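Everything on this sheet refers to the single structure shown next.
Coordinate-derived values only; no laboratory data. Keep in mind it's a predicted model, so treat the numbers as computed, not measured. Glycine gets a Cβ as well: all are built from the backbone with ideal geometry, and neighbour counts include every protein chain shown.
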Amino acid sequence: MRKANHFLYLSFLLGGLSVQAQQSYNYTKENKDFYDAVNLYNEQQYAMAQILFDKATIKNNNNEIQAESAYYSANCAIRLRQPGAEQKINQFIYDYPTSSKQAQAYIDVSNFYFSQGEYDESLRYAGKINETILSPADKDRMNFQIGYGYFTKKDYAKANTYLQQVDLDGKYGNQAKYYLGYISYANNDYAQANEYFANVESVEKYEERMGYYKADMQFKSGNFEKAIEEGLAQMPKSTEMEKSELSKIIGESYFNLKQYDKALPYLLDYEGKEGKLSNVDFYQLGYCYYQQKDYTKAVSEFNKIISGKDAVAQNAYYHLGESYLNLEQKTQALNAFKNASEMNFSAKIQEDAYANYAKLSYDIGNPYKSVPEVITDFLVKYPETPYKQELNDLLVDSYISTKNYQAALEVLESNRTPLNKAAYQKVTFYRGVEFFNEGKFSLANGMFNKSIAERQDNNFVARATYWRGESEYALNRFNDAYQTFTTFKQLPQAKNTPEYKNVDYNLGYAAYKLKNYSDANTHFKSCLSVVTDDAKKTDATLRLADGYFVTKQYWPAMEMYNSILKSNSAYKDYAAFQKAIAYGFVDKTPTKIEELQKFANTYKSSSLVDDAIYELGSTYANTNQTNKAIETFNQLITDHPQSNLISKAILRQGVVYVNANQVDQAIERFKKVVNDYPGSQDAIEAVQNARVAYLDSGRSNEFAAWVKNLDFVDISTAELENDVYTSAENQMAQNNSDAALKSLNDYISNYPNGLHATKAYFNVAEIYYGKNKVSEAKTNYENVLKRGKSEYTEQSLVRLSNIYLAEKDKANAQRVLGQLETNSSNDSNRLFAQSNLMKLAFDEGDMTTAAKYANILAANTKVDKRIKADATAISARVALKNNDMANTRKLYEQLNTIGTAELKAEALYYDAYFKNADKKYEASNKTVERLVKEYSAYKYYNAKGLVLLAKNFYQLKDSYQATYILESVIDNAAEFTDVVTEAQTELAKIKSEEAKRNSSVK
């Protein structure tokens, strides 16, 4: 709507007052100043005139001259904008109540301000006028001026009251009619407006302006063809601003007549209010392009409609979705249909939009809800929809395609119908695999059992059976695992599964753990005949070699170890060590010694180097090479002080000295074992060996005096104590865990520092751990640690680490993991400790320690893929915190190739992040779309990905997508405060920019 140029229409323009000297005054020297002032006043020289009027007021004795001078002086003050001017007018009225000018005073001032266009002041003085003294002409003029004053203030009700009192046939009649017509037009009273306008349309100065209003009234009355006619006729007579408004009327009229090709050029010519279009304007432009199948331009207009909440917006978003679909922009289409489906202005549009939203969710994934939930919600809301069969079919497949198995499982378990049984079987299987990959083996086992129980698809029965075996093996249930893998192998469908190629490998391992080495060898040989994976082939070769070794087939074992030594395997050290040991069992002791010496020199960083040195020392001892044995054991003690074999090396030195008749040296060694490793089995053996040495040398009193001070041994009761402990072990051997637990606790109660106390605490802990009595297990494992280093230390540390990590007891977890790293003789245990120490350090903000462990793990060729991915992720996060963006980028690229589950989601997010940084916005969007589709279970990175998606869309000039996505994140990701804060900041920035061109954006 244009603004009327109201003052331009006034014919009544008031000039300065014309002052005529009354003829009755005598022109004398006394009143010369007054007449000179009058002349100056008429010439609008108000300052000089005021001086003379004031002078005349003082000097002249004539009351009339004084009154007139005071009157004109006050008027000069008004015109000169002097402070106190109004007071002078009021003073004049007070001082000269009988003056003929008194009635005219406020009228003149009101007229003056009106003539200057100062309508507020004009109205204020008009309010002081005594209407009863006005002549009909003055009254008519004042009604017009007051009405017009209120009109300019848009107070149309008061304006109408005064303009209605103007004589419509008089001097101000035409002007009053025009403004009364405009007021009726503004109040949508088009009949009355037409009546007033009809009375003045023949007046030239109104005629050319009447066309716009008539066109607009025709449009608002729904007479679109007449509106077009009036608008086109008026167009040549209009200003640029008026042409813009007329273009809107004509364009929208054509639009309402569905003549979109004719509407478009006029809608394009409309410049908006104050240079801004509204959501309705953008909708009409977009719809015209949509009707012309110019979907690119349709999108460019529709997507400027920000935060629409009305019927126009619902319609726009629906057609925006269709336009995106025609352009194959499915992610954008999904958001548009979702938005339209959330509005209920049109039920038909809402249902169609919802159906499209559900189908697109299945097609490309959904960042807001699980796809099954979207489809199920639609079918519940629209049970009789024509899309029912199509979406029912998609529902089943959607459980798998999204990989959001947890959300799918929740939907299925809340709606257990025969239709969903096949889907439930698949989802429980994949959720089980997901749990397994996350190291949650008990949960995985439960899922596989559920999947097997459904028996809808025999292929999935077979696959779930295989993975149940994997989970049982991971839970150390080796007998169950062997039976399950055997069952899998016998299933008819097994050969058609991707898991079949691994079954002999797993059977071999299960048999090996059960010490069924002959069966293990058979399975590993079968595995080697079909396996193609290098890492698995190497591992199977090693296990076959070990199987041969254990079953005393040493030459075949050495042949297998040799094949490893010829490869690039990270386990060459193990093969070399085992081969050296094997030579000792085929009467090749010199070769064994040679190989062990070579090993100690070749594999100095191997975790087996201390084992090799110990074995070398033992071999020297067994061949009576006393000095070499002692020297070799000393080498182990000096070079590897943290080795678990130190106590055994010192013990063996004592035995060597006994055999060499060097009793004092032997006793010193035995005492050192007892002193440094009290309560260990080596200490118990050292006491027994020392006893023999003392007795053989006739020094039994010395032994008795020494042993009396040992709190873990009492020779006088040793036999009874052994009987008690042996009884407990017998119960354990028979798997009577409750009876064993009672016997072991009785033993500890009676012999808290006995010969077998350390072992008893450990076995009690193991039984409690198996019964999931974590608190009791924890106490007993800690007791094992308190009794000093022993052969039970490492396993106790492993158990305690798992317990404290599960309890999120970071302080204790770090303590025992640190001990495990230091005391571990097993590579896998050390790696376990280092990977968890890395994670804990990162969680506590210790970037230096986290980075140190990440580097250690990354450099270790023996780490499995999962640990390597953890290390890479931590390294990437540390680099990011240090703002080392080049290294961050490189590390996340590596993680993208090896990460699974949540780490893969994290890697994909940063892949998209760096593409955004490189201004590759469309490529970044593709990555986010993959993240959302394939890893929707990981909500944090999905939410971060959506914010990135919004940023990309805004850079791609799609304001609608950007704002809608950000609003969705803010509404649905409240648990991620950092993401919501980022989304709010970005949304505010975008809306601030959009408000500059869209009047509907606030």
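If I take every Cα pair under 8 Å that is 6 or more residues apart in the stretch 400-477, average their sequence separation and divide by the length, what percent do I get for the relative contact order? Spell out each step's value before the answer.
Working: 87 pairs, mean separation 21.3, N = 78.
So the answer I get is 27 percent.
Just want the ordering: ILE51, ILE748, from fewest to most Cβ atoms lying within 10 Å of their own Cβ.
ILE51, ILE748
Using the per-residue mean of other Cβ atoms lying within 10 Å as a proxy for protection, in what order, highest first, do the peptides 978-989, 815-826 fall?
815-826, 978-989
Give me the net charge of MET558's neighbourhood, meaning all other residues with Cβ under 13 Å from the Cβ of MET558; Lys, Arg count +1, Asp, Glu -1.
Taking every Cβ under 13 Å from that of MET558, the sum is +2.
Got the relative contact order for the stretch 876-916 handy, in percent, Cα pairs under 8 Å and 6 or more residues apart?
Working: 26 pairs, mean separation 12.9, N = 41.
Dividing the mean separation by the residue count of the stretch 876-916 yields 31 percent.
Could you order the peptides 833-841, 564-572 from most to least packed, using the average number of other C-beta atoms within 10 Å per residue?
In descending order of packing, they fall as 833-841, 564-572.
In what sequence, highest mean first, do 367-375, 454-462, 951-959 appear when ranked by Cβ atoms within 10 angstrom?
In descending order of packing, they fall as 367-375, 951-959, 454-462.
Could you point to the label whose value was computed as Rg/Rh (Cα atoms, Kirkwood Rh) for the structure here, given [x] 1.28; [y] 1.05; [z] 0.94?
Derived directly from the coordinates: [x].
Using Cα pairs under 8 angstrom and six or more residues apart, how large is the relative contact order of the chain, in percent?
6 percent
Run lengths n ≥ 4 of DSSP H only: what is the helix-derived mean residue ellipticity at 222 nm for the chain, with -39500 (n - 2.57) per run over all residues, to the nearest 500?
-23500 deg cm²/dmol
Pairs LYS513/LYS759; LYS862/LYS951; LYS369/LYS773; LYS348/LYS450; LYS489/LYS536; LYS536/LYS939: which are spaced more than 30 Å apart, C-alpha to C-alpha?
With Cα atoms farther than 30 Å apart: LYS862/LYS951; LYS369/LYS773; LYS348/LYS450; LYS536/LYS939.
Lys and Arg at +1, Asp and Glu at -1: add these up for the other residues within a Cβ distance under 11 Å of ASN622 and post the number.
Around ASN622, the surrounding residues sum to +1.
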